[in-house]
Amino acid sequence: VRCTSGKVPFQVFFCTDPHMSALEVLQGYARRWNLECTFRDLKQFLGFEDSSATSEKAVTRTAPFVGLVFSLLVIWFVESASALAQVPLRPWYARKKNLSFEDILRTARFALTPFTDILVARCVSGKLGEIDNDRRTEEWAIEGRSMRPAA
């Protein structure tokens, strides 16, 4: 495929099926691209290939668990937290218009920070129990915390 932009003049695509046309090879590549991005995100951000599991059960459970965590984060973001997220302003990436999985993780960290602070305080004080949502809201109000990211 001849490239009309960028520094690489050609991109080459291979297929092991000699009966597929060039168009079918490119369509297959395009269909698979989202899955390839998902595996990259699983490896890069959730440690998919860095498991220290050694027992057979742990090894066979790690991949499905990481996939489940990925899926739950995406579903949580789409259904509940997309209003919290903002496309980060980066001078070197001025044309970015869509959110990535890394942006979803940043939003999750932001949303969970108050809970982490409370849990750490309760662990240190020895008063680990259920978190009272009304108390959490009061603590945020007292500390001047906001659920909205800074602009």
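Read-outs: derived from the displayed coordinates by stated rules, not from any lab. These numbers were taken from a predicted model, which means no experiment stands behind them. FYI the Cβ positions are ideal-geometry reconstructions off the backbone, even for glycines, and counts take in every protein chain you see.
A Cβ distance below 6 Å, combined with a sequence gap of six or more or placement on separate chains, defines the contacts here; from region 82-96, residues that are part of a loop (DSSP other than H, G, I, E, B) reach residues that are hydrophobic (A, V, I, L, M, F, W, C) in the pairs Ala85/Leu99; Lys96/Val87.
Scanning region 53-67 for residues that are surrounded by 12 or more Cβ atoms within 10 Å (Cβ to Cβ) and of a type in the set (S, T, N, Q) turns up just one, Thr62. With respect to Leu23, is the statement that it is closer than 23 Å to Asp103 by Cα and part of a helix (DSSP H, G or I) true? The answer is no for Leu23.
Just to be sure, is Leu73 in contact (Cβ under 8 Å) with a residue 24 or more places away in the chain and either part of a helix (DSSP H, G or I) or over 18 Å from the mean Cα position of the chain (by Cα) (or both)? So Leu73 fits the description; yes. Might you check whether a residue that is closer than 21 Å to Arg40 by Cα, among the aliphatic types (A, V, I, L, M) and buried (at least 16 other Cβ atoms within 10 Å of the Cβ) occurs anywhere in region 83-96? No, region 83-96 has no match at all. Cβ-Cβ distances below 8 Å connect the following pairs, each with a first residue in region 24-37 that is in contact (Cβ under 8 Å) with a residue 24 or more places away in the chain, a second residue that is not charged (D, E, K, R), and a separation of six or more residues or different chains: Leu26/Val1; Leu26/Phe13.
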